[in-house]
Structure formats: C-alpha cells, structure tokens
Amino acid sequence: MELLLITALALFVIVATVRSVIRDGRGKTPPERSHADWTAGSVPSRPYSEVTRLA
C-alpha cells in the first residue's frame, strides 16, 4: 500500500513538473536587443573632472 502511495506521489510530481515546463514555453523568451538605450537618470553627460576644469 505504501509503495503504491509513494509511486502515485512521484508520478504526480513528475507530471506537475512537465506541465509547468510546457506551460512556461520551454524557455522561449524574446531576444534581447543588441543596442539597448542607455539611461542613467540625472547623471551628467560629461565627466566631473572635465566640468571643474572648464569652470
């Protein structure tokens, strides 16, 4: 009886794992852009040392 319960539980875990992998799309994610936009909030476009030299 215990062997049947353990087998059923193992089968349930395997089926649930396979279903979640298939539902996830087997790793099909959109490709990343090779040239992503550069954004850094309020960071200046020139180095600080260059700004202080000119002032």
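Only the coordinates and a few stated rules stand behind these numbers; no lab work does. In this text the structure is predicted, and so the values were computed from the model without any measurement. Note that we place each Cβ from the backbone using ideal geometry, even for glycine, and neighbour counts take in every protein chain shown.
The phi torsions of the stretch 5-13, fed into the Karplus equation with coefficients 6.51, -1.76 and 1.60 and a -60° offset, translate into couplings of 5, 5, 5, 5, 5, 5, 5, 5, 5 Hz, rounded to whole numbers, with Gly and Pro shown as x. From most to least packed by mean Cβ count within 10 Å, the peptides 16-22, 1-7 give 16-22, 1-7.
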